[in-house]
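Note sheet for the following structure.
The values are calculated or read from the model by the stated rules, or taken from the named source; none is laboratory data. Computed from a predicted model, the values in this text were never measured in an experiment. Methodologically, a virtual Cβ is constructed for each residue, glycine included, from the backbone with ideal geometry; neighbour enumeration extends over all protein chains shown. Accessible surface is based on the protein model in full, side chains and every heavy atom, while ligands, DNA and RNA are left aside. Shrake-Rupley method; radii C 1.70, N 1.55, O 1.52, S 1.80 Å.
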Amino acid sequence: MQQKPIPILMYHSIAAMPKGTVMRSLHVPPKLFRLQMWLLKILGYKGLSMNELQPYLTGDKQGKVVGITFDDGFKNNLTYALPILKKFEFSATCYIISQNIGGINHWDLGKGIDENPLMDENEIKQWINNGMEIGSHAQNHIRLSEIDIDTATKEITQSKLDLEKQFDRPVEHFCYPYGDYNNEVVSIAKNAGYQTATTVNRSRVKIGGNLLALPRIPITHRTFPHLFLI
C-alpha cells in the first residue's frame with residue numbers, strides 16, 4: 001500500500017499571548033499544543049524529528065507519522081513543548097540560528113513584535129539530552145535568496161559546522177529563514193551535506209519528493225479542527 005503524503009508541522013513560539021499581540025498567530029498556547037499532540041496520539045500518529053521522519057519521506061519506511069518542527073529555537077519550546085512531547089513519546093526538531101544562541105528575535109522587533117528569548121547553549125543541550133533534535137536555521141535569520149552567493153554559502157555551510165562543533169553531533173537538517181530560497185540556495189544546502197531542508201510552502205510531503213524543499217503545515221494559535229484535514 002502506498003504511503004500517504006506526510007504532514008510536517010511548523011511551530012514557532014509555544015506561549016499564551018493576549019488578544020492584540022502583534023503576530024499572535026506565531027504563538028501556540030501550551031494548552032492547545034498539548035491538545036494537538038494528544039489528538040495526534042489518539043488518531044494513531046507518531047510525532048517524529050526530521051532525522052526519524054526521513055526514512056518515511058523516502059519511502060523506506062511506512063507508517064502513520066507526522067514531522068514536528070520548531071523554527072528559531074525559542075526558550076519556551078524547552079519550557080512548554082518539551083514536557084508535552086516527552087509525555088506522548090514524540091520527538092521533534094528545533095532549528096537553531098547558530099550565531100544567535102541565547103539571543104532574542106531581533107529580526108521581528110521592527111515589526112512591533114515583542115522580544116522573545118531564544119535558548120542558550122545549556123538549554124539547547126537540555127533539549128538534545130531529552131531526546132530531541134536540532135537543525136540549522138542559518139547563522140543569522142536573513143533572506144538567503146537576497147544576499148550574494150558567497151554570503152549565502154557561509155550562512156548555510158558554516159551554521160552546520162558551528163552547531164556540530166558546539167553540540168558535538170551531526171546537524172543534517174536545515175530550515176530556510178522566512179522560507180526564502182531559490183535553486184542556488186537549495187544547491188548550497190545540498191553541497192553542505194544537509195539531508196533535508198524545510199520551507200514554509202503549505203502542503204503535505206509526497207513520498208519521494210525533493211527532500212531539500214519540503215513543504216510544511218503552519219500551526220497557529222487558532223489551529224485545531226482543520227489541522228489534519230489539509
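The figures follow:
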| read-out | value |
| --- | --- |
| Residue within region 174-189 that is open to solvent by less than 10 Å² (accessible area, probe 1.4 Å), in contact (Cβ under 8 Å) with a residue 24 or more places away in the chain and in contact with a Lys or Arg (Cβ under 8 Å, 6 or more places away or on another chain) present | yes |
| Selection from region 120-151 of residues that are in contact (Cβ under 8 Å) with a residue 12 or more places away in the chain, assigned to a helix (DSSP H, G or I) and closer than 21 Å to Ala189 by Cβ | Leu144, Ser145, Glu146, Ile149 |
| Filter result for the condition that a residue is touching a helix residue (DSSP H, G or I) at 6+ places or on another chain (Cβ under 9 Å) and in a helix (DSSP H, G or I), over Tyr194, Tyr178 | Tyr178 |
| Pairs, first at positive phi in region 1-24, second modelled with pLDDT of 55 or more and open to solvent by less than 40 Å² (accessible area, probe 1.4 Å), C-beta under 6 Å, six or more apart | Met23/Ile113 |
| Qualifying residue in region 116-127 (condition: among the acidic types (Asp, Glu) and open to solvent by 40 Å² or more (accessible area, probe 1.4 Å)) | yes |
| Any hit, region 152-168, residues being basic (Lys, Arg), open to solvent by 70 Å² or more (accessible area, probe 1.4 Å) and without any contact (Cβ under 8 Å) to a residue 12 or more places away in the chain | yes |
| Flag if Ile113 is out of contact with any Ser or Thr (no Cβ under 7 Å at 6 or more places or on another chain), open to solvent by less than 40 Å² (accessible area, probe 1.4 Å) and not in a loop (DSSP other than H, G, I, E, B) | no |
| Residue in region 133-144 that is in contact with a Leu (Cβ under 6 Å, 6 or more places away or on another chain) and surrounded by fewer than 24 Cβ atoms within 10 Å (Cβ to Cβ) present | no |
| Neighbours by Cβ (under 9 Å, 6+ apart or cross-chain): first from region 56-67, within 18 Å of Ala92 (Cβ to Cβ) and touching a residue at least 40 places away in the same chain (Cβ under 8 Å); second open to solvent by less than 30 Å² (accessible area, probe 1.4 Å) and among the basic types (Lys, Arg) | Gly67/Arg216 |
| Qualifying residue in region 47-69 (condition: modelled with pLDDT of 95 or more, touching a Cys at 6+ places or on another chain (Cβ under 8 Å) and open to solvent by less than 20 Å² (accessible area, probe 1.4 Å)) | yes |
| Residue in region 95-117 that is over 16 Å from the mean Cα position of the chain (by Cα), farther than 28 Å from Val186 by Cα and modelled with pLDDT of 95 or more present | yes |
